[in-house]
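K.L.:
Handing you a structure now.
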Ligand SMILES: NC(=O)c1ccc[n+]([C@@H]2O[C@H](COP(=O)([O-])OP(=O)(O)OC[C@H]3O[C@@H](n4cnc5c(N)ncnc54)[C@H](O)[C@@H]3O)[C@@H](O)[C@H]2O)c1
Ligand SMILES: [Zn+2]
């Protein structure tokens, strides 16, 4: 088991606990006066292990769908918390993936002007990436993640046992973010993950070690730029193109898999713009392609990708802000690029190279 560690935040330090027996004894989650917000699917899959939580009078089950990351669902959950008589001295315990995290974090931050919350991430993406970093996001209409806050949990419990019931796509989605974080650290760290790719997919003990190293790398960045106004921006590697792929396929590609595609496109664009050698691009793209192989033949309409790219938050009024791997040290940097004819042609080629 990886070692527990502490993350510093504007709300004080919070602990990330690794355990492989949370499911055999969930009593530590019931300390104090908890209100549980639980992914309904997780509650069904682990009905025996989580029975004391599922039968707790202050438990709210939520379907983890992107549509449910809405203000309607926020008010629905708040209504239930109010009828369960939540008080400022109580706390919320969220059990689920990124969707349950976003809803619970947003509500914990705003209900009664803030109650403490704890998080049990049950997806690989949430364990390896989103659980630390303080962010919450809610969708409004078509605007994804448009409302949000920074409000870290007071404790995180990571039990790899949960990963055993995840669909293969969800494993690859989490690996997409693991690859991103290690690419940010160094080419050597990216290669270390790449060299273990097959092992990681098939062996949860190996996977757990990469969850740990991904969190330790991310911890360093969020401790200096928790509010994402500077260096933390590079964690958007693969995300401009990744979000564009998600939008162009109406979310037909899981998030972290779209991020792997986005990193592949970022490498191609960086080569075409003269920032990266083909050798480095190929080295990374071989690994990335393995991670999105199940989606490689997805039809991705170029025009829709380009129009989604133009709406990215990192753009200026005339230029795209892209996070690209640069130079002989493959440093991850933000580069401003004019979306001219040449860039559009480069995008068309980069997208064609995905399949
Ligand atoms: N706040 C942040 O920092 C942050 C960061 C990245 C992503 N996100 C958000 O997270 C969401 C994606 O989250 P995600 O990928 O963790 O997954 P998710 O919460 O969307 O869940 C994916 C699917 O896996 C199921 N599931 C969850 N745990 C399971 C388990 N142990 N076994 C079997 N099935 C399980 C869920 O019910 C759901 O069907 C997006 O809405 C994204 O915007 C937030
Ligand atoms: Zn992401």
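K.L.:
How much length, in nm to one decimal, is gained on full extension between residue 201 and residue 110, taken as 0.36 nm per residue of separation minus their Cα-Cα distance? If you can, show how the numbers build up before the last one.
P.N.:
Details: separation 91, 0.36 × 91 = 32.76 nm, distance 3.82 nm.
Extra length from residue 201 to residue 110 when fully extended: 28.9 nm.
K.L.:
Among 332, 323, 111, which one shows the highest mean-square fluctuation when the chain is modelled as a Gaussian network with alpha-carbon springs under 10 Å?
P.N.:
Sorting by GNM fluctuation, first place goes to 111.
K.L.:
If you project the alpha carbons of the chain onto their three principal axes, what span does each projection cover, largest first, in Å?
P.N.:
Reported extents, whole Å, longest axis first: 60, 41, 37.
K.L.:
Rounded, prolate or oblate: pick one for region 5-165, where a ≥ b ≥ c are the square roots of the eigenvalues of its C-alpha gyration tensor, a/c under 1.5 means rounded, and failing that, prolate if a/b is larger than b/c, else oblate. List each step's numbers first, then the result.
P.N.:
Working: a/c = 1.24, a/b = 1.17, b/c = 1.06.
In terms of gyration-tensor shape, rounded.
K.L.:
Now, a different point. Give, in nm to one decimal, the length gained when the segment between residue 142 and residue 66 is fully stretched (0.36 nm per residue of separation minus the Cα-Cα distance). Mind showing how you got there, number by number?
P.N.:
On the way: separation 76, 0.36 × 76 = 27.36 nm, distance 1.11 nm.
Full extension from residue 142 to residue 66 adds 26.3 nm.
K.L.:
Taking region 168-352 on its own, what percent of its Cα-Cα pair distances exceed 20 Å?
P.N.:
On the way: 8620 of 17020 pairs.
Summing the P(r) tail past 20 Å for region 168-352 gives 51 percent.
K.L.:
Give the percent of DSSP beta bridges with both residues in region 5-165 that are antiparallel, rounded to the nearest 5.
P.N.:
Values: 8 of 30 bridges.
Within region 5-165, antiparallel bridges account for around 25 percent of the total.
K.L.:
Next up: Each label point is 7 Å from the Cα along the Cα-to-Cβ direction; what then is the distance between the points at residue 165 and residue 335, in nm?
P.N.:
4.5
K.L.:
Shifting gears a bit: In terms of the Cα gyration tensor, with a ≥ b ≥ c the square roots of its eigenvalues, is region 213-295 rounded because a/c is under 1.5, prolate because a/b exceeds b/c, or oblate? It would help to have the intermediate numbers written out before the result.
P.N.:
Numbers: a/c = 1.70, a/b = 1.26, b/c = 1.35.
It is oblate, given that a/c is not under 1.5 and a/b is not larger than b/c.
K.L.:
With a Förster radius of 56 Å, plug the Cβ-Cβ distance of residue 302 and residue 75 into 1/(1 + (r/R0)^6) and report the FRET value to the nearest 0.05. Display every interim value, and only then the final one.
P.N.:
Working: r = 39 Å, r/R0 = 0.70.
The calculated FRET efficiency here is 0.90.
Where a number appears in this text, it was derived from the coordinates with a stated rule and is not lab data. Note that the coordinates shown come from a computational prediction; the quantities given were computed from them, not determined experimentally. As a convention, Cβ positions derive from the backbone with ideal geometry for all residues, glycine included, and neighbour counts pool all protein chains shown.
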